[in-house]
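Working notes for the structure below.
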2 protein chains.
Amino acid sequence: MPVTPELLDRLSAQLGPAGYSTDPDVIAPKLVEWRQRWRGHTPFLARPSSTAEVAAVVSACAAAGAAITPQGGNTGLVGGQIPAGEILLSLDRMTAVRAIDPNNDSLIVEAGATLASVHQIAAEAGRRFPLSLASQGSASIGGLLSTNAGGVHVMRFGMMRDLTLGLEVVLADGQVLNLLRTLRKNNTGYDLKQAFIGAEGTLGVITAAALKLFAPVISRHVVLVALASADDALTLLARTKQSFETLSAFEIMNARSIALAVANVANVKAPFDTAPAFTALLEFESLDGLGFADRLETFLDRQLQDRLITDAVIARSKAQEEAFWKLRESLSAGHRTGTPQANHDISCPVSMTPALLSAAHATAQELVPGATIVAFGHMGDGNTHLTVMAPQEMSQDAFPRDAISHSIHAVAVGMGGSISAEHGIGVARKADFAAFTDPLAIETMQRIKHALDPQSIMNPRAILPEGPA
Amino acid sequence: MPVTPELLDRLSAQLGPAGYSTDPDVIAPKLVEWRQRWRGHTPFLARPSSTAEVAAVVSACAAAGAAITPQGGNTGLVGGQIPAGEILLSLDRMTAVRAIDPNNDSLIVEAGATLASVHQIAAEAGRRFPLSLASQGSASIGGLLSTNAGGVHVMRFGMMRDLTLGLEVVLADGQVLNLLRTLRKNNTGYDLKQAFIGAEGTLGVITAAALKLFAPVISRHVVLVALASADDALTLLARTKQSFETLSAFEIMNARSIALAVANVANVKAPFDTAPAFTALLEFESLDGLGFADRLETFLDRQLQDRLITDAVIARSKAQEEAFWKLRESLSAGHRTGTPQANHDISCPVSMTPALLSAAHATAQELVPGATIVAFGHMGDGNTHLTVMAPQEMSQDAFPRDAISHSIHAVAVGMGGSISAEHGIGVARKADFAAFTDPLAIETMQRIKHALDPQSIMNPRAILPEGPA
């Protein structure tokens, strides 16, 4: 149903001058996805300052049958936060800390707070919130929850779902569902918060969350390891997990991904004189570093003697740690050149990553002879960010991006994997989501969608194909 | 709708002689809750041997509008597994291991497998499944998932929900929903498995699960600590969490709980000459014990010097470790004397446990002057098993059990807590669940129930009050 002038009048009156905008210049930055892949439009930007105001907006839209696109920090990678005519609901004014309880290791914060601010708040209380990802300065708690974000510490601390104790949600009819408990154990009926985490705003608007905190890290060690193959990386991962409960990240980067970062990003240097097929970044974080450096060196020496690894360098300073992480975090920028490419955020069982990389290479070659693979990611989680790059001479038009993505996704799914490990479906992955998901699962999702949002006004273009209600 | 002879004929034909029973002697053990608090009846015990057979049973019942009570190991504590005329669906013949992948730290097992067998299967593959609880020899994976079971290692490894990668579920119409992926990261639409975990069989029948495995423990240390107050226990917990990532259990036991176990359970001895107000059991598990014993002793010495703790004893042998755990695991039996009592499985924010214990004591005294409190549980999770015991002279009839429970639950809820931390609602806690749960949350649960089980044939008496559909 189209947005009517009457609805806009009602929303304006409810929100007051500070709470909305219809000025195209004010709205513009929220209409463009940050890599400029999606551009949207909206007649109205709502910027409520409280849960009651969010409820009033949703209630008015529900009464008018008008659709809403909720937006957090606008760092999403699948276009789910960009409106196409819907009311744009930004939570960016809702950033309050509602409660912090260090002895319960819990924090209640509103959905517009950025991840970086949550890190800061936790640190000031002598605690830590462990989720960490590149866009943390902008990404908001509401957006991170709605996409069940991951990042570099998932293997030890889990994704947003695992780090959440409670939620406050405005339902599709404007009622406020308060699930903001800070309990570690609570088995009283269905765990309703689970429905809203990862739902990309299609079932309601998350307005606040109770998050788990952890003890702060006292000792950190970051290591870069040179490996001759993905199989060796997998063996190293298994051995490391058997030896160290303090392993908090195990990232891999193929040679091509590092070469492009070194070539295209300022102040990034190759870590080894001879580029290995794969470089792994290992991070260990503990509450007590006693004797750890010795244990780590002994462990790495043994892997060198076994010829499982060909080289290793342990960061000896905070600056060197940061340089190692900067290499990892520059890979994404490194390959975003003008070269035609198809990007993927796939996962598979951890044990299948070497097979996935081989099969993806073969598939890419079949479709585009001379294509290269940029692959890096969170090997500890089986999550690979895999990009197929066109050969240098190929034009954008000649590059069969959709066919490649469909084939790469087929490879992942064929190995029991996923077409979207941590980015979500949004609008970008809808076609392949529909193609690769069991129709019964889609039908079950549609039943839940219809039960909680019968008018389909909550981010209706995201995730699900239109279906029988 | 009543179960008809036609339905029983159809089920018998589908399942074959080995797959069902109508013999009262065969069925009898499955009709009595293990503490004899609930006794049920059923015209038909279905014992399918495969997912296809479960699907056939559910499909036939759905067509006939007949209700089903699924049952795992019959160790549930809230009566949700005991039928009252429904078809009884036992998964006890479905115990197969479908796949194990040590390099993915994953195991796929059928729902009838016991927790103890899963421990064994994991150990044989050089891995570990960390969930641990007293009934593990009987409790089945399907039942543990349906009640989102907890146990003694939740503070480090989480509950069943946190340990599950995928599920296979037979839906209420008999269709098989295969969500059996073994991925650490998968954000492709709604995470449907979450709906069935903790749903106590009211939304479908879990037939198999993909579980997370972990590296095996190399070094274990178990300590008993004497404490003068619950506040001191809370401080000790906070300090221990700040110092040791290897802390895997932090249990507390009040003096009364230990005294009753010593008096009533064979071979249980008081750990300290003078009974402290609270005794804490701490367990540390790590992949490498290097230097750990020294660190632990130094830590405990510091707490003694600070007078935070009054005594401590570290188990020096496997036998002593087992004796410490036997004390903890005997508490439940210790107070199940003939004395009138009201039992509770409550939780609160970890920081509120001392206040909860004080308030519970005051509340009990108000209702029953001279009542005593037996309290023990998982302080690391804020989960207390709290029993109000009648004074010696009081009769069962005079003891106001329901009024006490309602008041104790009110105390927990008033502190942001839960009336059921790890046991679920079943039929035992339905009245207080309805009384203490936000009506909007109940309505939202009913919407989900109606979306997935529109005829309400799946364990219809558990959890939810009858509601508008």
Number of the condition not met by A:Lys430 [criteria: (1) basic (Lys, Arg); (2) under 22 Å from A:Gln341 (Cβ atoms); (3) out of contact with any Lys or Arg (no Cβ under 9 Å at 6 or more places or on another chain)]: (3)
Search result, residues across the range B:298-310 that are surrounded by 14 or more Cβ atoms within 10 Å (Cβ to Cβ) and either within 21 Å of A:Phe292 (Cα to Cα) or at pLDDT below 90 (or both): B:Phe299
Subset of the range A:104-127 [within 14 Å of chain B (Cβ to nearest Cβ), crowded, with 17+ Cβ neighbours inside 10 Å and either hydroxyl-bearing (Ser, Thr, Tyr) or more than 24 Å from A:Glu200 (Cβ to Cβ) (or both)]: A:Asn104, A:Asp105, A:Ser106, A:Ala122, A:Arg127
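Okay, residues lined up against (1) within 14 Å of another protein chain (Cβ to nearest Cβ); (2) open to solvent by less than 10 Å² (accessible area, probe 1.4 Å); (3) closer than 30 Å to B:Ala431 by Cβ:
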site	(1), (2), (3)
A:Thr235	yes, no, no
A:Glu251	yes, yes, no
A:Ala255	no, no, no
A:Ile258	no, no, no
A:Asn267	no, no, no
Matching entry among A:Ala46, A:Ala56, A:Ala134, A:Ala66 (being under 20 Å from A:Pro2 (Cα atoms) and open to solvent by 10 Å² or more (accessible area, probe 1.4 Å)): A:Ala56
Residues that are open to solvent by less than 10 Å² (accessible area, probe 1.4 Å) and either in contact with a Cys (Cβ under 9 Å, 6 or more places away or on another chain) or of a type in the set (Ser, Thr, Tyr) (or both), drawn from the range B:335-371: B:Ser347, B:Thr353, B:Leu356
Elements of type strands (runs of 3 or more DSSP E) contained in the range B:152-246, each with 1 or more residues being in contact with a strand residue (DSSP E or B) (Cβ under 8 Å, 6 or more places away or on another chain) and among the basic types (Lys, Arg): B:204-212, B:219-227
Helices (runs of 4 or more DSSP H) lying entirely in the range A:269-369 (those with 3 or more residues that are within 14 Å of chain B (Cβ to nearest Cβ), in contact with a strand residue (DSSP E or B) (Cβ under 9 Å, 6 or more places away or on another chain) and among the hydrophobic types (A, V, I, L, M, F, W, C)): A:292-305
Residue ID - surrounded by the most Cβ atoms within 10 Å (Cβ to Cβ), chosen from residues in the range A:5-43 that are modelled with pLDDT of 95 or more and part of a loop (DSSP other than H, G, I, E, B): A:Thr42
Test result for B:Arg35, of a type in the set (D, E, K, R), out of contact with any Pro (no Cβ under 6 Å at 6 or more places or on another chain) and under 23 Å from B:Met159 (Cβ atoms): yes
Checklist (1) more than 27 Å from A:Gln136 (Cα to Cα); (2) of a type in the set (A, V, I, L, M); (3) open to solvent by less than 20 Å² (accessible area, probe 1.4 Å) applied to A:Ile87, failing item: (1)
Out of A:Gly126, A:Gly72, A:Gly76, A:Gly85, sole residue that is in contact with a helix residue (DSSP H, G or I) (Cβ under 7 Å, 6 or more places away or on another chain) and at positive phi: A:Gly126
Complete set of residues in the range B:397-409 that are open to solvent by 40 Å² or more (accessible area, probe 1.4 Å), of a type in the set (A, V, I, L, M, F, W, C) and assigned to a helix (DSSP H, G or I): B:Ala403
Top-ranked residue in the range A:183-200 [being of a type outside the set (D, E, K, R) and closer than 20 Å to A:Leu107 by Cβ; ranked as farthest from the other protein chains (Cβ to nearest Cβ)]: A:Phe196
Residue in the range A:430-468 that is nearest to A:Gly76 (Cα to Cα), counting only those that are open to solvent by less than 10 Å² (accessible area, probe 1.4 Å) and more than 7 Å from chain B (Cβ to nearest Cβ): A:Ala462
Residue under evaluation A:His385, criteria (1) free of Cβ contacts under 8 Å to residues at least 60 places away in the same chain; (2) within 25 Å of A:Asn74 (Cα to Cα); (3) buried (at least 24 other Cβ atoms within 10 Å of the Cβ), criterion not met: (3)
Per-region count, the range B:160-177, residues under 23 Å from B:Val118 (Cα atoms), of a type in the set (Val, Ile, Thr) and either within 10 Å of another protein chain (Cβ to nearest Cβ) or buried (at least 24 other Cβ atoms within 10 Å of the Cβ) (or both): 2
Residue match in the range B:326-337 (condition: of a type in the set (Val, Ile, Thr) and over 27 Å from B:Ala293 (Cβ atoms)): yes
Some residue of the range B:397-404 being at the interface with chain A (Cβ under 10 Å from one of its Cβ atoms), closer than 20 Å to B:Ser347 by Cα and touching a helix residue (DSSP H, G or I) at 6+ places or on another chain (Cβ under 6 Å): no
B:Ala421 vs. criteria open to solvent by less than 10 Å² (accessible area, probe 1.4 Å), modelled with pLDDT of 95 or more and more than 13 Å from every other protein chain (Cβ to nearest Cβ): no
Per-region count, the range A:211-225, residues open to solvent by 10 Å² or more (accessible area, probe 1.4 Å) and out of contact with any Ser or Thr (no Cβ under 9 Å at 6 or more places or on another chain): 2
Odd one out for A:Leu180 among (1) farther than 30 Å from A:Gly65 by Cβ; (2) among the aliphatic types (A, V, I, L, M); (3) within 11 Å of chain B (Cβ to nearest Cβ); (4) open to solvent by 10 Å² or more (accessible area, probe 1.4 Å): (1)
Scope the range B:336-364; condition over 19 Å from the mean Cα position of the chain (by Cα) and farther than 25 Å from B:Asp232 by Cα; matching residues: B:Thr337, B:Gly338, B:Thr339, B:Pro340, B:Gln341
Tabulated pairs, the range A:422-433, first among the aromatic types (Phe, Trp, Tyr), second part of a loop (DSSP other than H, G, I, E, B) and open to solvent by 20 Å² or more (accessible area, probe 1.4 Å), C-beta under 9 angstrom, 6+ apart or interchain: A:Phe433/A:Pro465
Which listed residue, of A:Ala208, A:Ala228, is open to solvent by 10 Å² or more (accessible area, probe 1.4 Å) and at pLDDT 95 or above: A:Ala228
Boolean, B:Gly380 is crowded, with 20+ Cβ neighbours inside 10 Å and either under 23 Å from B:Leu133 (Cα atoms) or polar (S, T, N, Q) (or both): yes
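The values are calculated or read from the model by the stated rules, or taken from the named source; none is laboratory data. The model shown is predicted, which means the values in this text are computed figures rather than measured ones. Virtual Cβ from ideal backbone geometry, glycine too; neighbours counted across all protein chains shown. Each accessible area value is taken on the protein alone, full model and side chains, heavy atoms only, with ligands, DNA and RNA left out. Shrake-Rupley method; radii C 1.70, N 1.55, O 1.52, S 1.80 Å.
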